[in-house]
Every structure is written in C-alpha cells, then in structure tokens.
1. What percent do you get for the relative contact order of the chain when only Cα pairs under 8 Å and 6+ apart count?
2. How are the C-alpha pair distances of the stretch 1-78 spread across 10 Å bins, as whole percents from the shortest bin up?
3. Let me see the P(r) profile for the stretch 162-257: every Cα-Cα distance counted, bins of 5 Å, each bin given as a percent of all pairs.
4. Sorted by mean Cβ packing within 10 Å, highest first, what order do the peptides 141-147, 178-184 take?
5. Based on DSSP H runs of at least 4 residues, each adding -39500 (n - 2.57), what is the mean residue ellipticity at 222 nm of the chain after dividing by all its residues, to the nearest 500 deg cm²/dmol?
6. What is the pair-distance distribution P(r) of the chain, computed from all Cα-Cα distances in 10 Å bins starting at 0, with each bin given as a whole percent?
7. On full extension of the chain, what length is gained from Leu250 through Glu28, given 0.36 nm per residue of separation minus the C-alpha to C-alpha distance?
8. Estimate the FRET efficiency between Gln46 and Cys174 by the formula 1/(1 + (r/R0)^6), using the beta-carbon distance for r and 35 Å for R0, to the nearest 0.05.
Amino acid sequence: MAKFTTAQVKECARALLENNPKGLRWAELFKAVSAAGPETPPGTIQGSLRALRVDDNEIVRPTKGLWVLAKYYGASKTLDSSEPPPASGKLSKVAPESEFYQPFADWLRDDAEEVVEALALGGATFKWKWGTPDVIGVNKPRPSDAVRFLPTEIVAAEIKVDSSQAITAFGQACAYRLFAHKTYIVMPETLPQEDRDRLETLCGLFGIGFVEFSTSPKSLAFEMRVRAQRFEPDRFYVNKIAEMLKDFSLEDFNRLF
C-alpha cells in the first residue's frame, strides 16, 4: 500500500496526463491518483493537485475541469489522433438533417414533455431571413387538465448534424427568441468537449435549452443537457410567425393554436 508525499502526488498526476493525451477531468485525475496511492489522505491529494495546477505551466485547462498537457492540447486540440473526427465534423453515415426533425418533435412532446403539440418545419418554409425553426411546438392547457392556468407557450428548436455549426445554431436559437417563449439547440454527440462546455455555459447564461443526440444502428436517442428557461417574446413577431404558419398550412396552425 502506498502513501504519497506532495511531490509524489504531482509526479503521479503528470504521469497520468502523459498517458492520456485527450486529458482528464478533475474527478478522474483525483480518483486515479487515489487508486495509485490508496493510503494518501484525500486532503493531501487535493492540495497537491491545486498546487500543481498553479505551479506547472505545462498543464492547461481548455475548459472547466479538464486537465491536459500543453504539448498534447496544442498538437491535437484534445482529440486523439487515432480517432480523427468525421469529415467536416459531421456524423458518419447519418441521414440528412431533415430526417431528425420529426423524431425530435416527438421526443420534445412525449419524452421531454415540453410541448403538447409539435411540428417539424425546417428548411426555408417561411422564406424569412430571420429563419425558420426546424421544430416548433406549443405548450398549452390540455382538455383533461383539472386546472387550466398554463398560458400558451411557443417552443422553437434548431437542429444541426454538423458539429462545427454550434455557433451558428446558437445564433439562430437567439433569433427565435423574437417569437418563442423557449428555444432549444440540438447538436450531435460528436461535438468536441471544449465546444460542448462552452455551449452549455452560454445556454445557461441566455436561458436557451441544449439537447444532444446520438445515433446507433437501432435507435436515435436525445439527451437533455440544459432545459430552456421561459421568456416573454415580442408580440409583434409572435403574430408574424403565426400568420406565416397559417398561410403555410391552416391545418397545422389549427393543430398548434
């Protein structure tokens, strides 16, 4: 059984980072050092790691909680060169983006229970320069509700298959705040960890929801990472989007509103 000194904790941590080019989260690093020196007091490990973070300029933290050796981060941006990302950041062998619209609309209604009705739109349906949400839904009182106090809420979502489009998706989701009470960004699990952390932080700051999706040969799964907050949209743009939907499909308009 080993009991590490402060110097040995630092040496162990550096060795672990040396063997993990993609980096380690704080909890992973602490757990690994503890396993290597099981008799070392937790306080000693914590204090030594904090000192290492301050003293060793060869260790960088590209995002919250992630520790990476600078030589690896500079060379690969935390991605293992043995597992290169798909071309253009897109998921390999995945259906076109439009084929994710209806599955997400169903998930938003049935699993997340954010809406009562949802409609897959996407593309340039409304031919409006401020964009058309890929999915639009409405949360409203149900006929079966004992107390119908919930006001009607419009929920809009932007879906991207290309993981390099996170900034674009965020900008579009912000634009949807003109007419939607809640907005969501939906991105693939291939999103790099650094981009994921920044997007989560931005979504938390601006009250935008963030959902990740993964694909497998058997099924498509969505995971809620940040739930959207409710804001009051501009009434002018609410009516504008409603009129555009009404002109596009009266049947869909009546189903939502």
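The values are calculated or read from the model by the stated rules, or taken from the named source; none is laboratory data. Small disclaimer: the values here were computed from a predicted structure and weren't measured. Cβ atoms come from the backbone with ideal geometry, glycine included; neighbour counts cover every protein chain shown. Please note that ligands, DNA and RNA were not included when accessible areas were found on the heavy atoms of the full protein model with its side chains. Shrake-Rupley method; radii C 1.70, N 1.55, O 1.52, S 1.80 Å.
1. 13
2. 21, 55, 22, 3
3. 3, 13, 20, 18, 15, 15, 11, 4, 1
4. Working: 141-147: 7.9, 178-184: 24.1.
With the highest mean Cβ count within 10 Å placed first, the list reads 178-184, 141-147.
5. Values: 9 runs with 101 residues, N = 257.
Estimated from H runs of four or more residues: -12000 deg cm²/dmol.
6. 7, 25, 25, 18, 14, 8, 2, 0
7. 74.5 nm
8. Values: r = 39 Å, r/R0 = 1.11.
The calculated FRET efficiency here is 0.35.
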